[in-house]
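Student: Below is the structure I would like to discuss, written out as structure tokens.
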Amino acid sequence: MAFLHDMRFRAYFYQVVAIGFVVLAGWTMFSTASDNLAKQNIATGFDFLTRPAGFVITEAAIAFEATDTVGRAILVGIANTVKVSLLAAIFGTLLGLAVGIARMSHNPLLARLALTYVELLRNVPLLLYLFLWYSLIILVLPPVKQALNLLPGVYLSNSGLVVPAALLQSGGLALLACLVGGAAAAFFIRTVATRRRIATGQPNQGGLLAIAALLAPVILLWLSGGFAVDWDFPTAGKFRLTGGLHVRPEFVALLFGLALSASANVAEIVRAGIQAVGKGQWEASAALGLSRGKTMRLVVLPQALRIIIPPLTNTYLTVFKNSSLAIAIGYPDLVMVSNTVMNQTGQAIETIAIFMGVYLALSITISLIMNWYNAHVALKER
């Protein structure tokens, strides 16, 4: 029985026992629910995923028809959620970085404006902003009959923005291969150029060479006729706009709301990270003749990044989970599509389990990616 006094054994033993209790509790709840549903002659299981959906999704990131399966409808909801969350995270990060740096400005007007921006967005519930942006789009912009023709083939109305759409006719695989190969070559060139600049202290053209390596394969493929693109231009009818790519107001309102809300949080994270870098770094950079902008870009931000990344992970998770508020303005995200599926099939437990599992899986994926990046930028002990 000496192994009972081994701390490593006891640590693993307690973890196994805890997992066993969780699995047992989950199985008990599942069995009880299945028995109760069977007594009421309510269908259970996931066979409903193969049935025809029988409903239309107004905006789909992947092709979808009402005759497609319920499983594909849920897949459309997942794709819509990932699309708007990813774009909101990117735009929110870029805008938050700019606002966070502005909060540190020596210009009092710019610093006060940035502070006002952060306080307004952080202290008002996101749902109210979603209603605000959606109402502004619907009420301020003209109807489809009087759509604003901003540019040739570009129309703006209260039904959304319509722009020309590029349709790939042939050579899709070749284009994808060129993009992947160009990205790999650009990453390699940029990495080598950065190491050489650090080793020699001399500037080089690594950035320009990386951009050239990224674009050159695609340009060469296009010049050789390796892929063909056709343009679908929208046309204004009496009651609606046909053709082109239609960016709907629900998507725009949700994207604005998520991105602006995230940018306020990112701005405070960036400000805190910059302030955590010692003043001596600024003074040493000034002594070397670096401008304030170069000091921020080359000295301060790389050090602040190690402090910024951990709380930034939580912000990205919040953006992804807050996308579920899309149901309030009618954007067909995972939750809205799942609600429609529940109303159609009556199998609420299975449907809720599916989208809870999807949110859990995607949240864990975001955490793993950000943790890997955090470990990549962390200081390495020698």
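Student: Can you tell me the mean projection area, over all orientations, of the convex hull of the chain's alpha carbons? Units nm², please.
Tutor: Result: a mean projected hull area of 29.7 nm².
Student: Which of the lysines could a cross-linker span from Lys294 if the Cα-Cα distance has to be under 21 Å and same-chain partners fewer than 8 positions apart are dropped?
Tutor: Partners found: Lys279.
Student: Would you look at the GNM of the chain, springs on alpha carbons closer than 10 Å, and say which of Leu214, Leu325, Leu141 moves the most?
Tutor: Among Leu214, Leu325, Leu141, the largest GNM mean-square fluctuation belongs to Leu214.
Student: At 15 angstrom or more along the helix axis (alpha-carbon based) and mean Kyte-Doolittle of 0.5 or higher, what helices does the chain contain? Whole DSSP H runs only. Mind showing how you got there, number by number?
Tutor: Values: long enough: 7-39 (48 Å, 0.67); 70-103 (48 Å, 1.61); 108-122 (21 Å, 0.97); 126-140 (21 Å, 2.55); 172-200 (42 Å, 1.17); 206-223 (25 Å, 2.43); 249-275 (39 Å, 1.14); 301-322 (30 Å, 0.47); 334-345 (16 Å, 0.63); 348-377 (44 Å, 1.33).
Helices passing the filter in the chain: 7-39, 70-103, 108-122, 126-140, 172-200, 206-223, 249-275, 334-345, 348-377.
Student: Here's a follow-up. What lysines sit close enough to Lys238 to cross-link, taking a C-alpha to C-alpha distance under 28 Å and skipping anything fewer than 8 places away on the same chain?
Tutor: Once the sequence-local lysines are set aside, what remains near Lys238 is Lys145.
Student: Over all distinct Cα pairs, what is the inverse of the mean 1/r for the range 233-322, reported as the Kirkwood hydrodynamic radius in Å?
Tutor: It is 16.5 Å.
Student: Quick one: if you stick a label point 7 Å off each Cα along the C-beta vector at Ala236 and Ala361, how many nm between them?
Tutor: 4.5
Student: For q values of 0.15, 0.17 Å⁻¹, compute log₁₀ I(q)/I(0) with the Debye formula on a Cα-only model of the range 85-225, without solvent.
Tutor: -1.09, -1.08
Student: Between Gln15 and Ala79, what FRET efficiency follows from the Cβ-Cβ distance if R0 is 35 Å, with the result rounded to 0.05? Can you show the working numbers first?
Tutor: On the way: r = 36 Å, r/R0 = 1.03.
Efficiency computed from Cβ-Cβ geometry: 0.45.
Student: Same structure again: May I ask for the net charge around Asn80, where only other residues with Cβ less than 9 Å from the Cβ of Asn80 are counted and Lys, Arg are +1 while Asp, Glu are -1? List each step's numbers first, then the result.
Tutor: Numbers: positive: Lys83; negative: Glu59, Asp333.
Net charge around Asn80: -1.
Student: If you build the convex hull over the alpha carbons only and average its shadow over all orientations, what do you get for the range 72-155? Give it in nm² to one decimal.
Tutor: Reported value for the Cα convex hull: 9.0 nm².
Student: Quick one, what does Rg over Rh come out to for the range 179-332 if you take C-alpha atoms and the Kirkwood Rh?
Tutor: Details: Rg = 22.7 Å, Rh = 20.5 Å.
Ratio of gyration radius to Kirkwood radius: 1.10.
Student: Determine how many Å³ per residue the convex hull of the Cα atoms of the range 179-260 encloses.
Tutor: Each residue corresponds to 172 Å³ of Cα convex hull volume.
Student: To continue, here is another question. Based on the mean of other beta carbon atoms within 10 Å per residue, what is the order of 227-233, 156-162, most packed first? Let's see the in-between values first.
Tutor: Working: 227-233: 12.9, 156-162: 20.4.
Highest-to-lowest ranking by the protection proxy: 156-162, 227-233.
Student: Between the alpha-carbon centers of the range 200-243 and the range 101-116, tell me the distance in whole angstrom.
Tutor: The two parts, judged by their Cα centres, are 37 Å apart.
Student: I would also like to ask the following. Say we join alpha carbon atoms closer than 10 Å with springs in a Gaussian network model of the chain; which of Phe320, Phe355, Phe30 then has the biggest fluctuation?
Tutor: Phe30
Student: Between beta-carbons, use under 13 Å as the cut-off and find the net charge around Gln275, counting Lys and Arg +1, Asp and Glu -1.
Tutor: Net charge around Gln275: +2.
Student: What spacing in nm lies between the two simple spin-label points modelled at Leu148 and Leu208, each 7 Å away from Cα in the Cβ direction?
Tutor: 3.9
Student: Over the Cα atoms, compute the radius of gyration (one decimal) and Dmax (the largest Cα-Cα distance, rounded to a whole number) for the range 42-117, in Å.
Tutor: That works out to 21.7, 67 Å for Rg and Dmax.
Student: Which number do you get for Rg(Cα) / (2.2 N^0.38 Å) in the range 242-382?
Tutor: So the range 242-382 has a normalised radius of gyration of 1.46.
Student: What is the P(r) of the range 268-317, as percent of Cα-Cα pairs per 10 Å bin from 0?
Tutor: 28, 48, 20, 5, 0
Readers should treat all values here as calculations from the given coordinates under stated rules, not as data from a laboratory. If you're wondering where the values come from, they're calculated on a predicted model, not measured in any experiment. Counting neighbours? That spans all protein chains shown, and the Cβs are built from the backbone with ideal geometry, glycine included.
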